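To keep things clear, I will list the structure first and then write my remarks on it.
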Amino acid sequence: MNRNDIRIGLFGFGVVGQGLHTVLERTPGLRARIGRIGVKDRSKTRSLPPELFTFERDEVLDDPALNVIVELIDDADEAYRIVTGALRRGKAVVTTNKKMLAEHLQELIELQRQTGTPLLYEAAACASLPVIRNLEEYYDTDLLDAVEGIINGSTNYILTAMHRDAVTFAAALARAQELGFAESNPALDVEGLDARNKLVLLLAHALGLVARPEDILTVGITGISELASSYAREKGLVIKLVAEARRLPDGGVAAAVLPTLLRPEHELARVHDEYNGLITQSLFTDRQFFLGRGAGAVPTASAVLSDLSALTYGYRYEYKKLQQQSARALAPAAAEVDVLVTFGQGHAPERADFSRIHEYFHSEQQGYYLTGTIGLARLAAAAWLRQPGISVVRLPQPLRAAQAAPVASAAEVEAADCPA
Ligand code: HSE
């Protein structure tokens, strides 16, 4: 594809689609024009001439005048049909649909190989942050041990608004929707599923592991209790939704998306509003930190633009870490995590699930909490994890390999009242 002759078949003209139009108008280095736009809603008034739009998928996919497909819709099933249809027709694709990618990643890697046609998706993980191509290319030989980050803009926007600006959850979510940060189904954001889908992409490009999204322990921000928030304030900690994937010493990988307490000096504690932050940890470079806008029309479109530019020099993902078979598999049974669990009377977590309990506090007024160490697989399987009235937040320590011999819960501390 020639830099001066990019003819885009676009699907979707929502927040990011309009952002892409804006970005293309202001990009002198690339001569790209939107030739046709596939949309669903026949009743919407749109800002571009009506003859550009069509409601027929194949009119775009089969148009020989278009040399790249840009897929920016929110329906993951339809996105899958568009993306696979385009690849099978030999048309390069740029997509932002992380849900579709996470659900079909192995198949899409295979389809790219079979068709020899590239599929790029820089904007699908951390929007404007250039993480995928960096993980793929810059870190192609360095041994990455971990990626850890705030990779959902909406939840970070909500947590920032609640804790810094004392805005209610509902008001903060409504604002995140107005600003175009949230998914059309915002449960994907607040339940941690969008972060989980992005973590699937990071796992593939950072650690060479294609995981099924449902195999990653995921807890969102809707259950964070008042008691967990006051615990954080009391200890001078910040609550963020953190996605983490870490290579264990035996080659397995621990991965989870959890609300997490961070010390104020942690890089991610200073990531505010819709910004995302990603820390890479590697053998040679140690810690590195990416920071940037993780949602929004123009920042997301800027990553789409970068993918379009990359296609003009023949770029495609080689999935280098997969070739190197650098990581074996998700190994939640070999990993453990330290957590704060808050609960009320009649909603207690199963104490026997914990390999160590560090503290156990109760207060008639405010409820109960315990802090302890629990195996990642044990936590994921715990029926109490999803019970209303129980809230789980990770303590500041990273995921780690499980200790062989659990210490008995003799160190448990009982106290009459919870700290204010
Ligand atoms: N809903 C997503 C987020 C959009 O808030 O991060 C960007 O992927």
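The values are calculated or read from the model by the stated rules, or taken from the named source; none is laboratory data. Quick caveat, the model's predicted, so the values are computed rather than measured. Here the Cβ is made from the backbone with ideal geometry for all residues, glycine too, and neighbour counts use every protein chain on show. The area values use the complete protein model at the heavy-atom level, side chains included, leaving out ligands, DNA and RNA. Shrake-Rupley method; radii C 1.70, N 1.55, O 1.52, S 1.80 Å.
Miscellaneous remarks
- Label-point separation in nm, Met1 to Thr222, each point 7 Å along Cα→Cβ: 3.7
- Efficiency of FRET between Arg81 and Arg233 - r from beta-carbon atoms, R0 45 angstrom, step 0.05: 0.40
- Average Cα contact separation per residue, the range 155-245, under 8 Å, 6 or more apart, as relative contact order %: 27
- Zone of Arg386's modelled label, taken as backbone nitrogen in the range 204-225 under 20 Å from a point 7 Å along Cα→Cβ: 212-225
- Carbon and sulfur %, accessible surface of the chain computed with the full protein complex present, 1.4 Å: 50
- DSSP-assigned coil residues among chymotrypsin sites (Phe, Trp or Tyr not before Pro) in the range 243-322, each with at most 11 further Cβ atoms within 10 Å: Phe284, Tyr313
- Between Thr141 and Leu111, the C-beta separation translates, for a Förster distance of 25 Å, into a calculated FRET efficiency of about 0.40.
- Each Cα pair under 8 Å and six or more residues apart adds its sequence gap; the mean of these over the residue count of the chain is a relative contact order of 17 percent.
- Think of a 1.4 Å ball rolled over the protein heavy atoms: the chain then has 41 Å² of accessible area per residue.
- Gain in span if fully extended, Glu214 to Ala166, counting 0.36 nm per residue against the direct Cα distance: 14.0 nm
- Once both labels are positioned 7 Å from their Cα atoms along Cα-to-Cβ, the gap between Ser309 and Gln403 label points is 5.0 nm.
- Where GluC sites (Glu not before Pro) fall in DSSP loop in the range 340-389, at most 15 other Cβ within 10 Å: Glu350, Glu364
- Sites Arg270 and Gln325, calculated FRET efficiency, Cβ-Cβ separation with R0 51 Å, nearest 0.05: 0.90
- A crude spin-label estimate for the pair Ala333 and Arg89, with each label 7 Å from Cα along the Cβ direction, gives 4.7 nm.
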